[in-house]
Amino acid sequence: MLTEERHQHILHLLDQQTVVRSQDLSTKLNASESTIRRDLQELEDAGLLERVHGGAKKVLDLNYEQNMTEKTVKNTQEKQVIAALAAEQIQNGDVIYLDAGSTTLEILPFLADKEITVVTNSVHHAAKLGDMNVATMILGGSLKLSTKAIIGATGMEQLSHYRFNKAFMGMNGAHTEFGFTTPDPEEAALKRLAMAQAEEAYVLIDPSKLNAVTFTKVAELNTATILTSPCTKELLEPFQEKTVIKEAAK
């Protein structure tokens, strides 16, 4: 196996497990432990992981958040199958909250024939829903330019008066110890309130964000059902012990 291929395998495992052991990597990649140590050193030098005794752990950039353009082109297929699964949870007559984000954006095509009311904090989502003639309300407040999301006290006050059958949330990370997280404290507060105002809350998250942690905690894992695309058993099991997690059909 080429060095670049080993590096990709190591980073992929870290996305799934957060921590990897050198001995396990040696077995899985059919490489000597000295080769694995060299690989880990090179990846650490590149800032892609942090070496620990006996292996390596994922580097957590707690404040980094991609803009909407970057998010939209990443893991598109996974987001589409997650969105299809989310749409299956919606019934005619529902009042739903649709959070800003690239994964929730993929739900919109599935809403065209549904008789529902949507409340959203996304300017982008609201415009598309309007074009589809879906009954839509958008929260007021400050516009976060990077994600086109409405945040702030005005939106919080407005949201506090609403109740929803279901809330569909984007999230930057889900972790068995640290729960659901997002980088922006103001956005976290809005997400937290929207989830609390719903009979049922769903977090739409692709497998790359499982075991990820960002700056601000939104809620505990057991406050929402996780909807994701097909995952390995090793990745799923720790989350199944904490909350309900549903995979899209393979």
Pairs, first closer than 16 Å to residue 5 by Cβ in region 31-47, second of a type in the set (Lys, Arg) and surrounded by 12 or more Cβ atoms within 10 Å (Cβ to Cβ), C-beta under 6 Å, six or more apart: 39/6; 40/51
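Residue by residue through region 74-89, note down the ones that are farther than 22 Å from residue 192 by Cβ and either in contact (Cβ under 8 Å) with a residue 24 or more places away in the chain or polar (S, T, N, Q) (or both).
Taking region 74-89 and keeping what is farther than 22 Å from residue 192 by Cβ, we get 74-81, 83-85, 87-88.
Correct list: 74, 75, 76, 77, 78, 79, 80, 81, 83, 84, 85, 87.
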Test: residue in region 165-178 that is assigned by TED's automatic domain parsing to the domain that holds residue 96, out of contact with any strand residue (DSSP E or B) (no Cβ under 8 Å at 6 or more places or on another chain) and in a loop (DSSP other than H, G, I, E, B): yes
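Got a number for residues in region 85-107 being under 17 Å from the mean Cα position of the chain (by Cα) and surrounded by fewer than 17 Cβ atoms within 10 Å (Cβ to Cβ)?
Taking region 85-107 as the starting set, the residues that turn out to be under 17 Å from the mean Cα position of the chain (by Cα) are 85-87, 97-107.
Then keep just the ones that are surrounded by fewer than 17 Cβ atoms within 10 Å (Cβ to Cβ); that gives 87.
Qualifying residue count, region 85-107: 1.
May I ask you to say which residue of 84, 167 is at pLDDT 95 or above and more than 18 Å from residue 201 (Cβ to Cβ)? Step through it out loud before you land on a result.
Values: 167 fails: more than 18 Å from residue 201 (Cβ to Cβ).
Unique residue meeting the criteria: 84.
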Filtered residues of region 209-221 (kept if touching a Gly at 6+ places or on another chain (Cβ under 9 Å), not in a loop (DSSP other than H, G, I, E, B) and not basic (Lys, Arg)): 210, 218, 219, 221
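So which of 233, 217, 191 is buried (at least 19 other Cβ atoms within 10 Å of the Cβ), basic (Lys, Arg) and either within 23 Å of residue 137 (Cα to Cα) or assigned by TED's automatic domain parsing to the domain that holds residue 98 (or both)? Steps first, answer last, please.
Working: 233 fails: buried (at least 19 other Cβ atoms within 10 Å of the Cβ); 217 fails: buried (at least 19 other Cβ atoms within 10 Å of the Cβ).
On inspection, the qualifying residue turns out to be 191.
Looking at the structure I just gave you, is residue 243 assigned by TED's automatic domain parsing to the domain that holds residue 169, in contact with a Leu (Cβ under 8 Å, 6 or more places away or on another chain) and surrounded by fewer than 22 Cβ atoms within 10 Å (Cβ to Cβ)?
Details: assigned by TED's automatic domain parsing to the domain that holds residue 169: yes; in contact with a Leu (Cβ under 8 Å, 6 or more places away or on another chain): yes; surrounded by fewer than 22 Cβ atoms within 10 Å (Cβ to Cβ): yes.
When the stated conditions are applied, residue 243 passes them.
Considering only residues that are within 13 Å of the chain's Cα centre (by Cα) and either without any contact (Cβ under 8 Å) to a residue 40 or more places away in the chain or part of a loop (DSSP other than H, G, I, E, B) (or both), which ones fall in region 189-208? It would help to see each step written out before you state the result.
Start the filter on region 189-208 by keeping residues that are within 13 Å of the chain's Cα centre (by Cα), which leaves 191, 202-208.
Residues satisfying the conditions are 203, 205, 206.
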Where residue 129 falls short, out of the listed (1) surrounded by fewer than 18 Cβ atoms within 10 Å (Cβ to Cβ); (2) more than 16 Å from the chain's Cα centre (by Cα): (1)
Enumeration of residues in region 140-158 that are surrounded by 17 or more Cβ atoms within 10 Å (Cβ to Cβ) and either touching a residue at least 40 places away in the same chain (Cβ under 8 Å) or of a type in the set (S, T, N, Q) (or both): 144, 147, 148, 149, 150, 158
Every residue from region 209-228 that is under 18 Å from residue 90 (Cα atoms) and touching a residue at least 40 places away in the same chain (Cβ under 8 Å): 224, 226, 227, 228
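The values are calculated or read from the model by the stated rules, or taken from the named source; none is laboratory data. Quick caveat: nothing in here was measured; it's all calculated off a predicted structure. Because the Cβ atoms are built from the backbone with ideal geometry, glycine has one as well, and the counts that use them run over all protein chains shown.
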